[in-house]
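Colleague: Starting off with a structure, shown below.
The values are calculated or read from the model by the stated rules, or taken from the named source; none is laboratory data. Please read these numbers as outputs of a predicted model, since none were measured by experiment. Because the Cβ atoms are built from the backbone with ideal geometry, glycine has one as well, and the counts that use them run over all protein chains shown.
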Amino acid sequence: MLELVWREGGCSIDGHRTFVKALLALDNVSDAMSLEIWGDAHEYVPYQKVFYYLRVPRVAYITMLWIGPGPNHDIFVPFQNLRIPANRDVSVDPDSIIVPPLGREQWVAVASLEPISLPCYATETDHLSWLQQVRKLPHGVGRWEVRSKATR
């Protein structure tokens, strides 16, 4: 397993419900690209460290979006445009931890053959434009669902 440490910093996207809905609807549309993603646990507790695991059939750039619980489904982007090799399990440590609010959380990761910059601190329209750009290119989508709660 290739272990990557990513310390570029993440960013938050708050209250963009239309973007969250469109992101959750994003799917693999061809066999040109795929993405497997999984975590080191299905359940987490507050302040527990999180590791992400990825695998792609071709060299790809991965952007990870963590959709939190609650009515706003705020997003945290632990990394974007992280280049990973083909056909190899990759562990990514972006120094992420679980923070409240707690509940059902979803990860959506997008793989592309070239970097596509997600404008973190932008309008919802800009985020939807990013998704449109992703849809026009060969891309893979991976999903993982976790729960966070006060104790295990």
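Colleague: With respect to the numbered conditions (1) polar (S, T, N, Q); (2) surrounded by fewer than 20 Cβ atoms within 10 Å (Cβ to Cβ); (3) modelled with pLDDT of 95 or more, which one is the sole condition not fulfilled by residue 63?
Modeller: Condition (2) is where residue 63 drops out.
Colleague: Sticking with this structure for a sec: For the range 130-152, which positions are of a type in the set (A, V, I, L, M, F, W, C), out of contact with any Gly (no Cβ under 9 Å at 6 or more places or on another chain) and in a strand (DSSP E or B)?
Modeller: 141
Colleague: Continuing with this model, one more query. With respect to residue 112, determine if the residue is surrounded by fewer than 16 Cβ atoms within 10 Å (Cβ to Cβ) and polar (S, T, N, Q).
Modeller: Against the criterion (surrounded by fewer than 16 Cβ atoms within 10 Å (Cβ to Cβ) and polar (S, T, N, Q)), residue 112 does not qualify.
Colleague: Considering only residues of the range 115-151 that are surrounded by fewer than 19 Cβ atoms within 10 Å (Cβ to Cβ) and among the hydroxyl-bearing types (Ser, Thr, Tyr), which is farthest from the chain's Cα centre (by Cα)?
Modeller: Ranking the qualifying residues of the range 115-151, first place goes to 151.
Colleague: Condition check: assigned to a strand (DSSP E or B), surrounded by fewer than 18 Cβ atoms within 10 Å (Cβ to Cβ), polar (S, T, N, Q) and in contact with a Phe, Trp or Tyr (Cβ under 9 Å, 6 or more places away or on another chain). Does residue 96 satisfy that?
Modeller: Criteria not met by residue 96.
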